[in-house]
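Working notes, beginning with the structure itself.
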Amino acid sequence: MPMPLWLPSRLTFGLRKPRIRILGADFAGEIEAVGKEVKRFKAGDQVFGYRGLKMGANAEYLCMPDKGTVAIKPANMTYEEAATVPYGTIMALSLLRKVKIQQGQKVLINGASGGIGSAAVQLARHFGAEVTGVCGTRE
């Protein structure tokens with residue numbers, strides 16, 4: 001942890017011991033039950049999502065609001081594959097929105113093989129950009 005970030009991170013995550021005891025931000029699983037106000041999902045739906053700094057995704061059960069960052073898992077993905085998608089995709093989308101990507105732009109994505117980079121390549125292409133992706137070789 002870089003020294004300038006040490007104190008803010010300790011205040012956020014706990015001074016002497018972790019404030020949040022169940023780690024994990026990305027999740028995938030099957031819905032056990034829904035509240036009576038929930039319209040988007042039903043028991044038995046296979047979903048995946050992102051909890052962010054709330055953490056708690058490495059639990060056997062977790063409770064999410066239906067308007068949270070949660071979606072139906074594609075049928076052709078395993079739970080393990082689906083659980084790896086949200087963080088990289090959210091970060092890539094956020095970064096592409098910051099640079100105000102436009103249709104027809106030429107975009108270079110450095111690190112195109114990682115979680116964020118591979119999502120950025122696909123999103124930039126979706127937005128109509130001409131994409132060049134680069135990444136390092138295996139050493």
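Filtering the range 113-131 for residues that are among the charged types (D, E, K, R) and over 27 Å from residue 39 (Cβ atoms) leaves a non-empty set.
When restricted to residues that are in a loop (DSSP other than H, G, I, E, B) and closer than 26 Å to residue 85 by Cβ, the range 1-26 contains 7. For the range 52-103, filtering for residues that are within 19 Å of residue 42 (Cα to Cα) and among the basic types (Lys, Arg) leaves 2. Among the candidates 35, 136, 128, the residue that is within 27 Å of residue 20 (Cα to Cα) and over 21 Å from the mean Cα position of the chain (by Cα) is uniquely 35. When you look at residue 22, is it surrounded by 12 or more Cβ atoms within 10 Å (Cβ to Cβ) and touching a Phe, Trp or Tyr at 6+ places or on another chain (Cβ under 9 Å), yes or no? No. On the basis of being out of contact with any strand residue (DSSP E or B) (no Cβ under 8 Å at 6 or more places or on another chain), closer than 25 Å to residue 123 by Cα, surrounded by 10 or more Cβ atoms within 10 Å (Cβ to Cβ) and not hydroxyl-bearing (Ser, Thr, Tyr), does residue 92 make the cut? Against the criterion (out of contact with any strand residue (DSSP E or B) (no Cβ under 8 Å at 6 or more places or on another chain), closer than 25 Å to residue 123 by Cα, surrounded by 10 or more Cβ atoms within 10 Å (Cβ to Cβ) and not hydroxyl-bearing (Ser, Thr, Tyr)), residue 92 qualifies.
For the range 38-48, enumerate the residues that are at negative phi and either in contact with a helix residue (DSSP H, G or I) (Cβ under 9 Å, 6 or more places away or on another chain) or exposed (fewer than 13 other Cβ atoms within 10 Å of the Cβ) (or both). 39, 40, 42, 43, 46, 47, 48, listed by residue number.
Among the residues of the range 104-113, are any open to solvent by 30 Å² or more (accessible area, probe 1.4 Å), more than 28 Å from residue 137 (Cβ to Cβ), at pLDDT 90 or above and not in a strand (DSSP E or B)? Yes, there is a match, as at least one residue in the range 104-113 is open to solvent by 30 Å² or more (accessible area, probe 1.4 Å), more than 28 Å from residue 137 (Cβ to Cβ), at pLDDT 90 or above and not in a strand (DSSP E or B). On inspection, residue 81 qualifies as open to solvent by 70 Å² or more (accessible area, probe 1.4 Å), of a type outside the set (Val, Ile, Thr) and under 17 Å from the mean Cα position of the chain (by Cα). Quick one: in the range 51-75, which of the residues that are outside any loop (DSSP other than H, G, I, E, B) and either polar (S, T, N, Q) or open to solvent by 50 Å² or more (accessible area, probe 1.4 Å) (or both) is farthest from residue 20 (Cα to Cα)? Checking each candidate, the answer is 72.
Identify all residues within the range 54-76 that are of a type outside the set (Gly, Ala, Ser) and farther than 13 Å from residue 27 by Cα; write none if there are none.
Across the range 54-76, the qualifying residues are 65, 66, 67, 74, 76.
The values are calculated or read from the model by the stated rules, or taken from the named source; none is laboratory data. Since the model is a prediction, treat every value here as computed from it, not as a measurement. Glycine gets a Cβ as well: all are built from the backbone with ideal geometry, and neighbour counts include every protein chain shown. Remember, those area values only see protein heavy atoms, side chains included, never the ligands or the DNA or RNA. Shrake-Rupley method; radii C 1.70, N 1.55, O 1.52, S 1.80 Å.
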